[in-house]
1. Dimensions of the stretch 55-117 along principal axes (Cα, Å, largest first)?
2. Order the following by accessible area, largest value first: ILE132, ILE171. Probe radius 1.4 Å; ligands, DNA and RNA are ignored.
3. Please work out the Cα center distance from the stretch 38-77 to the stretch 165-220, rounded to the nearest Å.
4. Accessible area, 1.4 Å probe, largest first: how do MET1, MET118 sort?
5. Can you sort HIS174, HIS183 by 1.4 Å-probe accessible area, starting with the largest?
6. Rounded to the nearest percent, how much of the accessible area of the chain (1.4 Å probe, protein heavy atoms only) is carbon and sulfur?
7. In Å², and per residue, what accessible area does the stretch 140-244 have when probed at 1.4 Å with the other protein chains present?
8. D for the chain, whole µm²/s, Stokes-Einstein with Kirkwood Rh over alpha-carbon pairs at 25 °C and 0.890 mPa s: what number?
Amino acid sequence: MRRVDRWLAADPAVTRLLRRSESPLVVDLGYGASPVTTVELARWLARVRGDVRVLGLELDPERVALARTAADPPRLDFRRGGFELAGTRPVLVRAFNVLRQYAEHEVEGAWRLMLDAMPAGGLLVEGTCDEIGRLVTWVTVAAGGPVSLTLSLRLAELDRPSTVAERLPKILIHRNVPGERIHALLTTLDACWATAAPQRAFGARARWATAVAMLPGRGWPVLGRPDRRRAGELTVPWESVAPR
């Protein structure tokens, strides 16, 4: 989860949102059996704005009771809640590994429930990661719909980029088949990674940066700052990977 934390603390849209909000509240929905990821999220976002408040939400009352031992209100707190966001009005919601247990057709409804509970201009970051954070993906969603898809990979252990397909967000995980845009992106990215193989003499980051730099020339727009790409990230506009 540190991968998405670092991205949130550096992304211009997120940092503008937090800095312009009168009293920024961020919700971490579905933090799991341990509150540690919510605690770390609060630390990262405090670098953007010192008075940011982070609220962890879980449906399981035992998880909430355990998490409250780490609470430090009003900076950091925990409560029971789901997609309705416990009646709060956060400007930013992070929801990871929450929708993977739902059907694909339920995803947009869950997005809408969360966004409807947020003020105008709020953002939802919804995604999936593996157990140790090597493969992480997320969709950034605004009131008007999905904005972008981000892939974040641990490059030192990467065989080929399409390995991330097993951790795509629910809205895309069943779309990694020929004829779908996400499949075309991952196929192209694998080809660029292979072409960039000579760069591994300079390290995995150099190889990844070279591979990503090839994408625009092959018809794939790339978003985000170059330094984030060197960290193993790739962000593309949602319309370039949206399900057909």
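1. Here the Cα extents, ordered largest to smallest, are 37, 23, 16 Å.
2. Details: ILE132 130, ILE171 10 Å².
From most exposed to least exposed: ILE132, ILE171.
3. Using only Cα atoms to place each centre, the spacing works out to 35 Å.
4. Numbers: MET1 40, MET118 10 Å².
So the residues, ranked largest to smallest area, are MET1, MET118.
5. Details: HIS174 115, HIS183 50 Å².
Descending accessible area places them as HIS174, HIS183.
6. Working: 5600 of 11040 Å².
Of the solvent-accessible surface of the chain, carbon and sulfur hold 51 percent.
7. Numbers: 4750 Å² over 105 residues.
Per-residue accessible area for the stretch 140-244 comes out at 45 Å².
8. On the way: Rh = 18.4 Å.
For the chosen part, D equals 133 µm²/s.
The values are calculated or read from the model by the stated rules, or taken from the named source; none is laboratory data. Treat the numbers as computed from the prediction; the structure is a model and nothing was measured. We place every Cβ from the backbone using ideal geometry, glycine too, and count neighbours over all the protein chains shown. Please note that ligands, DNA and RNA were not included when accessible areas were found on the heavy atoms of the full protein model with its side chains. Shrake-Rupley method; radii C 1.70, N 1.55, O 1.52, S 1.80 Å.
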